[in-house]
Structures are given as C-alpha cells and as structure tokens.
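To keep things clear, I will list the structure first and then write my remarks on it.
Read-outs: derived from the displayed coordinates by stated rules, not from any lab. A quick note: this is a predicted structure, and the numbers were derived from the prediction, not measured. Methodologically, a virtual Cβ is constructed for each residue, glycine included, from the backbone with ideal geometry; neighbour enumeration extends over all protein chains shown.
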Amino acid sequence: MIDISKAGTFKLADRSVNRMGYGAMQLAGPGVFGPPKDRQTAIAVLREAVAMGVNHIDTSDFYGPHVTNEIICEALYPYPKELVIVTKVSARRGADGSWLPAMSPKELTDAVHDNLRHLKLDAMEVVNLRSMLSNHAPVEGSLEEPLSTLADLQRKGLIKHIGLSNVTPLQVNEGRKICDVVCVQNHYNLVHRTEDAFVDDLAKSGTAYVPFFPLGGFKPIQSDALAEVAAEIGATSMQVALAWLLQRSPNILLIPGTSSLAHLHENLQAAHLTLSADILAKLNAIETVAGH
C-alpha cells in the first residue's frame, strides 16, 4: 500500500500540500502537443493520483494547447476541496508545436481566462509566470510588466497566489516588490544542481521550490552510479532520484509526470524511501562524476 504522506507536507501559499504531487505535461501528445494516444488512460492516471493522496497538480493551458486542462476537468471536476491546481502562463504554441513567448498584458490576461474556462474555475489557486526571456534557462531581465499584469488579475480575484518559473534569484527578489511569490519552479534534479544555493535560500524564507524535470524531462536521468545505488537498495533509479529530492530540502515539492498507471505507482512509491547518509554521499558525488 502506497502512503505518500510519508514524504511529508509543505505550505504552498496558504495551503498545505503533500510533497509528492503530479505534473500533467505528459498527458498531452508527443512533444506536449495535440491529444494523447489514449485519453481514457490519461483520465485514469489523474483519478488514481488523487485517489492515492495527490493534492497538488501542476498544469498549463499551453500543454496541448488546452489538452491537459480539458482532461483534468473531465477526470476530476468537481474538484476535491483539498486539491490545489497550479498553472503557468507566458507561452503559446506555434502550429508546428514550437514554444513562443506570450508575455504581453493581453496575452497573459487571455491565458489566465483560458485556464479558468478550461478548468471550470472561478479563480486559479496559483499562477506561475514563466520567464520566456529564454526558453532554455533563466536569464536576467525585468519581469516587472508581466508580473504587474498578474498582480492586477490577483487584485481582481482571478488569481489567488502568484509564483515564478525559469527565473533567477534577482528576479524573485524584484518580484517580491510587486507581489508575494509563493513558489519558484525551475530546472533541478540529481544531475542538474546549479541552483543548490537558490533552493536553500528559498527554504529559509519558507518558499516552496518545485523542480521541473525532476527525472530529467525529455531525456531521463542516466547514471551508472545511480543505477548501482538503486540496485543496492532494491528500488528503481527514478525512485531513488525522487527520494533524493525529497531529502534534499523540506521546501521541495515534487511534480513528476507520467501517462502510465504503472509509472505513477512507481513514482509515488518513492515517498517510502529513506536514503542513508552513505547512500546520499554516493548520490551527491554523481554531479562531479556525470560532469554536470
């Protein structure tokens, strides 16, 4: 029996959520574009995740576009009162599936309304502004205009809380002058640890850190040392990678995604893993070994 409460909880804005959550990105078609191959399985995965105790689901209306939100609504509406649905805005999809910036006030406003409509919500619990100053990694630059647009929508009651994604520490500090920043969603995992200090600083301020690509994203984490550790403790490599994140810092909230019931159960089982000091030392050494 899987008990994800073993991973603990953390505050996301004014809500306490289980640290083991779920990311909906993989419910769309290949390249996060178009419909899934099996819509009924996608619905079953969402319902099973919630049945297993997941109360933090990460999504976006530019997944598909619209696909994942429509599936979430079909699978889970009316939503359990404890469920926190987090979305992100500031991108749109080209006809070829490309990811394009959409950070103007009108585009952001339309995106929030699209999320609300497709999810059948009156207000979004959390909206993350994803910086599109670069598609690939955080880069410095002002986010004052787009963040001010979201803050205005917050004042109008369409957004309860605001977070930031693909951002630098400086941008978070500047953002806090405009609104409360309740979470940061950036690229971080066992072999991609450039943000170690950022994670620790956010923990000190009680801010949730939500690593995207916790298992490597489109290129799953591969490491001989990770595989050896997994074999040693009788777990899968991905379970160990998730358990490492859970033990890395108490403010980390996980949102691994999958379109498979078997993989969903495998991911959630990571909540039961406790890594010893020796195992953690081996895993912490992977960064240097892997050259990241």
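Could you list, in their original order, any pairs among Lys88/Lys219; Lys81/Lys156; Lys37/Lys88; Lys156/Lys219; Lys177/Lys204; Lys11/Lys37 whose Cα atoms are separated by more than 30 Å?
As for pairs spanning more than 30 Å Cα to Cα, those are Lys156/Lys219; Lys11/Lys37.
Under a point spin-label approximation (7 Å from Cα along Cα-to-Cβ), what is the Ser260-Asp152 distance to one decimal in nm?
Those two pseudo-labels are separated by 4.6 nm.
Over the chain, what lengths in whole Å, largest first, do the semi-axes of the equivalent ellipsoid take, defined as the square roots of 5 times the eigenvalues of the alpha-carbon gyration tensor?
29, 22, 18
Compute the whole-percent fraction of alpha carbon pairs in the range 15-185 spaced more than 18 Å apart.
The share of Cα pairs beyond 18 Å in the range 15-185 comes to 59 percent.
Counting only residues 5 or more places away or on other chains, whose amide H sits under 5 Å from the amide H of His161 once H atoms are built in the peptide plane?
Amide H neighbours of His161, under 5 Å, 5+ apart: Val126, Val127.
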